[in-house]
Amino acid sequence: MEKFFRGKKRKINDEEEEGATKSGQHDDDFSAHFNANFEAADIELLKDSERCNRTLNWPALGTFVESKVVEGHFSKQSTAPLEKPFTIVDQLQLKSMLVENIGKTMLSVGEQQPALSAFQTELLGLMSSYRDIFYAERNDSNGEQIRVAYCLHALNHILKTRSRILAHNSKINQGAAATADGGGGGGALLKSGDAYRDQGLTRAKVLIVAPFRQSAYQTVNTMISLLFADVKDTGSRRINIMNYKRFKKEFGPQEDEPPVGAKKPDDYKRLFAGNIDDSFRIGLSLTKRSLKLYTDFYSSDIIIGSPLGLRLAVGAQGEAEYDHDFLSSIEVVVLDQADVFLMQNWEHLLHIMAHLHRRPRADHGVDYSRVKLWVLELWAKYYCQLVLFSGTASSSLVNAFFHQHSANWAGKVVGRAEVGPARAAINHVFIQCPQIFQRVPLPDGCTLADSADARFDFFVNSILPKFRDSLKVRTMIYVPSYFDFVRLRNYFRREDVSFNQICEYTKAGKVARARHMFYTGGRHFLLFTERYHFFNRHTIKGIRQLIFYEPPTYPHFYSELVNSMHLSNQGKKLPTDYGAMSATVLFTRFDAHSLVSLVGSRTAASLLSQSAASTDVHMFLTDNVG
């Protein structure tokens, strides 16, 4: 195997030995997590055992649920339970070179205080325990704080890995030198034990997935600041950031980039500012005084990419460029803004995760005497930490994804925010039209996959006939899933229903015609996809009846679309009041997360707890929800 870090043989300095004991082990959560070696029976127990859940509440991070295996032999090696929140940086087990640069980094990302906030300290404390984390409260106010936190964690993980490997290299070389005069193989003898197993089958250890080039640009700049602070202030130190000019040109703001429309919502302006290309990938190689960008994945410590960019890098079986080996030894996966991946192509992310920790197709020069035992057993997924940040907890896909891919032996932590009336999307609706929540009946034993058929049948048989009346003209049907959109579109065509359509693939000219025909009543229905709304945020005028085929992924889309039914957007024709209008939301028991965001925790619990004999229709006005 190629040496993990190349260079001339030299004495290990203080920075490289920081946190290392005489045996080369680190007495912290990093060591405790990755030095744990289990038997096959333990892994089977991890797969099959029930988990124990408990709810905790920390001052800054809020309420979250810790879940872990607690039964059997496996529990003897489990991580320490979470008790008190982390309050000071010294508790976070960060490398000193990172701690020194936190102040300038916080100021460089626009924060007011040159120190980690209480929120960041608690979040980093959870990350440093190497539990899986799902935090669905990412927003514009804490987004950069979260970025600094996971960059600190990723760099700290790489630096600790590097320190351990260099310390072990030194001890092996010293052992070889000590026995050279007397013959024998001291270095080989040292390597034959398990104490110096410190590597994976490939070099890359951290994978960061982000939606846009601008996200990667900010992430890399944050890492540079954390590593080197202001490069101009380094004095006599020689700092090398290789290929940064190329990086800035390809990932930074583009000169010909059109400005975001002034009438767009503020959250849209912030999300789509900068370079929003969604096909990219880049490798980063780190040493003490240099950061090299655009390194080959097999020479990289950190890989940053978008779902599409990484999907193209992996390829598919049968393709000439099919290669997933660089994902075989990933130890930390960070998914930032995972909700945006839903609006791009969720299948790309699933493809990447399906190729994580597979057996490599080639050995890539690996030195098996240095490979960790649990890597050789192909148990890497049980040691890998998954950290997922999302701007919404509404998506059942994101929730299911996290729990499906959370196999970490240390357990997982899931944020659980209580949504009160003030935060509920329905209480941000300011027009007084009836808002109807219609539960879709599901047969006994119905699964999430089967619910799509049940929803479609209920819609075409029970909902659609009510809205085909001429008095219900100008009805817009909001469809979050493109597959559901295609299914409805095909049905409308077969049944010769008067409708028009707008989706993410509709050309601008056709969009303008569809909007005009709908506004003038030339078409009865308008099929409208969530992705189109996400990427364009146009105000559709003339909506008289609004049907949400299922709850929107983003709760604020609900209030935004209902408010667009304002009389000022209706033209000169009727209605003159909101009594003839309505907003209808179809939901099932699988939409619990979405309902909480729309109507609040208590109201959602009430809607979902109704017995089969009770009514499935609930009507609200904006002043009687709570």
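Annotations
- With 29 Å as the limit on Cα-Cα distance, the pairs of Lys205/Lys248; Lys68/Lys292; Lys205/Lys412; Lys95/Lys269; Lys104/Lys160 that go past it are Lys68/Lys292; Lys95/Lys269.
- For the pair segment 244-266 and segment 408-431, the centres of their Cα atoms are 32 angstrom apart.
- Prolate/oblate/rounded label for segment 440-528 (Cα gyration tensor, a/c 1.5): oblate
- Where labels lie 7 Å past Cα in the beta-carbon direction, separation of Ser462 and Leu621 in nm: 2.6 nm
- Separation in nanometres of the label points that stand 7 Å from Cα toward Cβ, at Asn240 and Arg493: 5.9 nm
- Overall form of segment 204-345 per C-alpha gyration tensor (a/c, 1.5; a/b vs b/c): oblate
- Beta bridges per DSSP with both ends in the chain, % antiparallel, nearest 5: 35 percent
- Amide N of segment 291-318 lying under 13 Å from the label point, which is placed 7 angstrom from the Cα of Arg361 along Cα→Cβ: 313-318
- Karplus 3J(HN,Hα) series, Hz, for segment 340-345 with 6.51 cos²θ - 1.76 cosθ + 1.60 (x for Gly, Pro): 5, 4, 4, 7, 9, 8
- Rounded to 10°, Cα long-axis angle of helix 396-405 versus longest principal axis of the chain: 20 degrees
- Sorted peptide list for 255-267, 419-431, 592-604, 52-64, criterion being average Cβ within 10 angstrom, highest first: 592-604, 419-431, 52-64, 255-267
- In whole percents, the pair-distance distribution calculated for the chain from its alpha-carbon pairs, binned every 10 Å from zero, is 3, 15, 24, 24, 17, 11, 5, 2, 1, 0, 0.
- Long-range amide H partners of Thr287 with built H, under 5 Å: Lys292
- Per-atom-type breakdown for the chain gives carbon and sulfur 50% of the accessible area (1.4 Å probe, protein chains only).
- Degrees, to the nearest 10: 118-128 long Cα axis against longest axis of the chain: 60 degrees
- Shape of segment 105-160, Cα gyration tensor, a/c cut at 1.5: oblate
- Rounded to the nearest Hz, the phi-derived 3J(HN,Hα) couplings of segment 484-495 under the Karplus curve 6.51 cos²θ - 1.76 cosθ + 1.60 (θ = phi - 60°) are 5, 4, 4, 5, 5, 4, 5, 5, 4, 5, 5, 8, where x marks glycine and proline.
- Rounded to whole numbers, the Karplus 3J(HN,Hα) couplings from phi for segment 165-174 are 5, 5, 5, 5, 4, 5, 5, 5, 5, 5 Hz, using 6.51 cos²θ - 1.76 cosθ + 1.60 with θ = phi - 60°, and x at Gly and Pro.
- For Asn500, distant residues with modelled amide H under 5 Å away: Phe525, Leu526, Leu527
- In summary, the aspartates and glutamates within cross-link reach of Lys249, defined as a Cα separation below 16 angstrom excluding same-chain residues under 8 places away, comprise Glu257, Asp277, Asp278.
- All aspartates and glutamates inside 17 Å of Lys541 as judged from Cα atoms, apart from same-chain residues fewer than 8 positions distant: Glu530, Glu560, Asp577
- For Leu388, nonlocal amide neighbours, meaning residues 5 or more places apart or on other chains whose placed amide H falls under 5 Å from its own, are Ile133, Phe134, Tyr135, Leu335.
- Listed by chain and number, the aspartates and glutamates whose alpha-carbon sits under 16 Å from that of Lys47, ignoring those within fewer than 8 places in the same chain, are Glu39, Glu71, Asp132, Glu377.
- Per-residue packing, averaged as other Cβ atoms within 10 Å, sorts the ranges 532-545, 109-122 into the order 532-545, 109-122, beginning with the highest.
The values are calculated or read from the model by the stated rules, or taken from the named source; none is laboratory data. Remember, predicted model here, so these are calculated numbers, not experimental data. All Cβ positions, even for glycine, are placed from backbone atoms using ideal geometry, and neighbour counts span all protein chains on display. The accessibility values were calculated without ligands, DNA or RNA, using every heavy atom of the protein model including side chains. Shrake-Rupley method; radii C 1.70, N 1.55, O 1.52, S 1.80 Å.
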